[in-house]
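The values are calculated or read from the model by the stated rules, or taken from the named source; none is laboratory data. Please read these numbers as outputs of a predicted model, since none were measured by experiment. Every residue, glycine as well, gets a Cβ built from its backbone with ideal geometry; the counts of neighbours run over all protein chains shown. Only protein heavy atoms, including side chains, enter the accessible area calculation; ligands, DNA and RNA are left aside. Shrake-Rupley method; radii C 1.70, N 1.55, O 1.52, S 1.80 Å.
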Amino acid sequence: MATPNPADAGAGGVVAAPFKRPRVTPLSPWGQTKPSAGDRMFGGLSRASGAVIVALVAAIGAFLLWRAVPALQRNHENFLTYRGPWITTDTSAMHFGVLDLLQVTLFVSLLALTLAMPVALGVAIFLTQYAPRRVAGALAYMVDLLAAVPSIIYGVWGLYVLAPWLRPVAGWLEANLGWCFLFARSSPSNAGGGTIFTGGIVLAIMILPIMTAVTREVFAQTPQGQIEAALALGATRWEVVQTTVLPFGRSGYICGVILGLGRALGETVALLIILRGTQEAFGWSLFDGGSTIATKIAGAAPDFDDPYRAGAYLAAGLTLFLLTSVVNGVARTVVVGAERTNP
């Protein structure tokens, strides 16, 4: 080190220390500090995990397509528009289509979503903004327990307990609103039980826990400072919910709704027990029977010993796979848009 020069001393005779250049940490090409070995390992594992998920999804889609193509080649109908009976006994000349199955799947899922959305929103607001802490914890636990009930229990309960209760309601709706196609009874034996009306209500109860849980967790993260500021300005509790909680949790609520829709689209056992299959074309009535894509596949398990008959049902499964992918993609776009408008 260089010897200090006495001439550099100040008025007090103190010699200034020599200047030392600080040590600079090397930067990565992105302008951040160079990651450690642990960071690089964790980043590599994260990217590998993401790649595995993408590969699994692609492999499932490829498998469904591979098994469905031979059956589609032997199908004598338009798979996307045919609404007649599903006939696959003669594998050399099969007749099957997915349109009715797709319509029933969407209709019962949207009915369940329409019933569950306001309930999930109301429960989440009550648990996070109105209920005392002890009551909120107990009620949230009870709502979460609904997700632990097996699907077969929901199906049996819906068919043998809920359906008889709904028969008078179905009769009243048909008598007073029968002019609307939604409430026009297609068959006297279907009113109240074994119908989309019963299946949609049961499905709404099944998707309620996941929608409520996601919405509740997001609402609970609302900045307390914003809530206290609104209260300090004289806002009522409901005005606080309107001006702070709902705008902050909009994207989370949308995520919960889409997760519930995904659960509804793929539900199998409960609807297999409740819905009464029919060969008639679907008429968009709440009192119609029918089959969803998932229940049609589950109910045809004995046909899976033949590759062509199994391929016909796997073609329907491929349609459901693509439908859920589109729904998730749209949901992601909506959530990103909501986050940009309300950062």
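The residues of the stretch 123-144 that are in contact (Cβ under 8 Å) with a residue 40 or more places away in the chain and either aliphatic (A, V, I, L, M) or not in a helix (DSSP H, G or I) (or both), listed by number, are Val123, Ala124, Ile125, Leu127, Ala140, Val143.
So for the stretch 267-277 (the condition being without any contact (Cβ under 8 Å) to a residue 40 or more places away in the chain, closer than 30 Å to Gln73 by Cβ and open to solvent by 40 Å² or more (accessible area, probe 1.4 Å)), does at least one residue qualify? Checking the stretch 267-277: at least one residue is without any contact (Cβ under 8 Å) to a residue 40 or more places away in the chain, closer than 30 Å to Gln73 by Cβ and open to solvent by 40 Å² or more (accessible area, probe 1.4 Å). Working only within the stretch 145-180, note down all residues that are open to solvent by 60 Å² or more (accessible area, probe 1.4 Å), under 23 Å from Asp288 (Cβ atoms) and not in a helix (DSSP H, G or I). Within the stretch 145-180, Trp179 is the sole residue that qualifies. Taken over the stretch 256-292, the residue count meeting the criterion of being out of contact with any Leu (no Cβ under 9 Å at 6 or more places or on another chain), at pLDDT below 85 and under 20 Å from Trp157 (Cα atoms) is 3.
Scanning the stretch 64-90 for residues that are surrounded by 13 or more Cβ atoms within 10 Å (Cβ to Cβ) and in a helix (DSSP H, G or I) returns Leu64, Leu65, Arg67, Ala68, Val69, Pro70, Ala71, Leu72.
Restricting attention to the stretch 293-317, the residues that are within 17 Å of Gln73 (Cβ to Cβ) and open to solvent by 30 Å² or more (accessible area, probe 1.4 Å) total 5. Comparison of Ile227, Ile297, Ile258 shows that the only residue that is in a helix (DSSP H, G or I) and in contact (Cβ under 8 Å) with a residue 60 or more places away in the chain is Ile258.
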